[in-house]
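What follows is one structure encoded as structure tokens, with my remarks underneath.
The values are calculated or read from the model by the stated rules, or taken from the named source; none is laboratory data. The model shown is predicted, which means the values in this text are computed figures rather than measured ones. Note that we place each Cβ from the backbone using ideal geometry, even for glycine, and neighbour counts take in every protein chain shown. Note: accessible area is taken over every heavy atom of the protein model, side chains too, but ligands, DNA and RNA are not part of it. Shrake-Rupley method; radii C 1.70, N 1.55, O 1.52, S 1.80 Å.
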Amino acid sequence: MILPLLIIIPFAGGLLAWVVARESETAARWVALVATLAQGALAVGMWIAAAPLDGLVIDGAWLAETHARWIPQVGISFHLGIDGISLLLVLLTSLLGAVSIVASWREVDEAVGLFHLHLMLVLTGVTGVFLALDMFLFYLFWELMLIPMYFLIDLWGHEDRHYAAVKFFIFTQLGGLLMLVGILGLVFVHHSATGVVTFDYLQLLGTGLGPRLGMALMLAFFTGLAFKLPAVPLHVWLPDAHTQAPTAGSVLLAGLLLKTGAYGMIRFLVPLFPDAAIAFSPVAMWLGVAGIIYGALLAFGQTDLKRLVAYTSISHLGFVLLGVFAWNRLALQGAVMQMLCHGVSTGALFVIAGSLQERLGTRSMAKMGGLWSRAPRIGGVAMFFALASLGLPGMGNFIGEFLVLVGTWSVNVAAAAVAILGLVASAVYALVMMEKVFFGEIDESERSVADFGGREMVVMSVMMAVIIWLGLMPQPVLDTSAPAVQAMQRSAAGYREGRAEAPSRVTQDGAETVRIAEVEDELR
């Protein structure tokens, strides 16, 4: 029951916030905040209870699993599972959900209840994506998070919000439909081979696919996920969506929605289509390198602060794509670490950008000179996260990028060598941003700027502490993700070699553990 609670808590919190907002908008904010903290506390409790993880996660078994019949006529079940990777991402969801609510405390003053309902629905959908082990359920949650995000941008965004919202919805919906094609194709092939209709991820593992069909289905699935990552050249919706979204929308987009694309590649794409993914990996890795360089160069040329931060996301997530398709332990753990650190550091930069826009009424960096002396706390926090973004040693972003590069070097030296240039470019745009916004010439006609208060500093301090912890003590996170990474590597390798070594799972009644491979042998 613990896994459904992780989904129910934000959903119920959003509904309750919508209801109580009729009486008190402040109460609605507190209800939403308490719900995200409760979800986070539940996930932390699971993490503590699972330690030491290497003693509990054996042969890829899940930390917790829920499996119930739903639509058995077409093989759809309510199947949830959580391992080290999904646990870390649920924790990230709770943290950034709370940050989004606090960041919107003063910014959003219209339809407060409806705003928090949509925000919590996004968190519900994202959490469901990280837990779903039925492919239909995964697609359902994937679509669920798009609709409330569309309304967050369209109703509470900035001057061109309608254009950005429609563009976001069209591109991400197109990606979702392509992914659905890949899912349905895999289900049909599995049915033709076994006579069983199922959307269960663990049963679909190892489905035999011919080279051409496997590549076609994998490309459909990859394209759908790459739209959300986003990978170059499927990124065109991202800058407008980030720029026009309210602060909470930008934080959720950068910190969570983009991570669902990366998570889908790690969890589903390579394990379900191992042969096609390995064959496609050189192309995918160079797409990651292109994203790293392209995003950094375009970030350098921006004058709009939010657009600059948006393009840095394309660059940083290029490392994730690189790590996924390197598909070795170091690269995959680096990709997971990069997902976590990017979510925190870029989320914080969007909070800073939103706070400056709220105070100054502009996103133009040309109009923000001299803020270091007028708002020193904002300047100090911005400097910290700018250094984190450029990969300063001692901060979590450095660990993620370093592991990805080391893991990639053993697979593709040329791609790793070119990707290193992205680290140089990130230092340039991060320092240029600080110079333009905080150390430029002071316009004496500008009014004074309100600095961060206690509420903002508490949130920023927590995020800074997380980045430092991940940079100086990454081992707990690496230990948490390692068993899941190793299980997926064994699964994909086993199927490619004809030795189906599927992750274990608990049967519906919880009485025994079975291997999917044994079930498939009986069906054959």
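Find the accessible area per residue for the stretch 294-367; the probe is 1.4 Å, ligands and nucleic acids are left out, and the unit is Å². Working shown, then result.
Values: 1590 Å² over 74 residues.
Using a 1.4 Å probe on heavy atoms only, each residue of the stretch 294-367 averages 21 Å².
Would you mind checking the tilt of helix 112-131 against the longest principal axis of the Cα atoms of the chain, expressed as 0 to 90 degrees and rounded to 10?
The helix 112-131 is inclined about 40 degrees to the chain.
On a 0 to 90° scale, report how tilted helix 274-300 is relative to the longest principal axis of the chain, with both axes built from alpha carbons and the result rounded to the nearest 10.
That works out to roughly 0 degrees.
Which whole-number value in Å² is the accessible area per residue of the stretch 65-156, probe 1.4 Å?
Value for the stretch 65-156: 26 Å² per residue.
Could you give the radius of gyration (one decimal) and Dmax (whole number) of the Cα atoms in the stretch 385-446, in Å?
Considering the stretch 385-446 through its Cα atoms, Rg and Dmax are 15.8, 56 Å.
Of all the accessible heavy-atom surface of the chain, with the other protein chains kept in place and a 1.4 Å probe, what percent is carbon and sulfur?
Ligands and nucleic acids excluded, carbon and sulfur reach 66 percent.
Working only with C-alpha atoms, what are the Rg and Dmax values of the stretch 76-218, expressed in angstrom?
18.3, 57
What is the magnitude of the charge dipole of the chain about its Cα centre, with +1 placed on the Cβ of each Lys and Arg, -1 on the Cβ of each Asp and Glu, and no other charges, expressed in debye to the nearest 20?
500
Over 21 Å between Cα atoms, which of 259/367; 306/436; 228/436; 167/228; 259/306; 228/306 qualify?
Details: 259/367 32 Å; 306/436 14 Å; 228/436 31 Å; 167/228 13 Å; 259/306 19 Å; 228/306 19 Å.
As for pairs spanning more than 21 Å Cα to Cα, those are 259/367; 228/436.
Give the separation of the Cα centroids, the stretch 169-199 to the stretch 302-348, in Å.
27
Counting pairs of alpha carbon atoms under 8 Å apart in space and at least six apart in sequence, what relative contact order in percent does the chain give?
Relative contact order, the chain: 16 percent.
Whose amide H sits under 5 Å from the amide H of residue 77, counting only residues 5 or more places off or on another chain, with H placed in the peptide plane?
Placed amide hydrogens put 71, 199 under 5 Å from residue 77.
Please give the per residue volume of the convex hull enclosing the alpha carbon atoms of the chain, rounded to a whole number of Å³.
Spelled out: Cα convex hull of the chain, divided by residues, is 131 Å³.
Mind checking the angle between helix 376-389 and the chain's longest principal axis? C-alpha axes, 0 to 90 degrees, to the nearest 10.
That helix lies at roughly 30 degrees to the long axis.
Taking just the C-alpha trace of the stretch 278-376, give me its Rg and Dmax in Å.
16.5, 55
With point charges of +1 on the Cβ of Lys and Arg and -1 on the Cβ of Asp and Glu, referenced to the Cα centre of the chain, which listed residue (188, 227, 273) lies farthest in the positive direction of the dipole?
It is 227, whose Cα lies furthest towards the positive end.
At 222 nm, what value in deg cm²/dmol follows for the chain if DSSP H runs of at least 4 each add -39500 (n - 2.57) and the sum is divided by all its residues, to the nearest 500?
Using -39500 (n - 2.57) per qualifying helix, the result is -24000 deg cm²/dmol.
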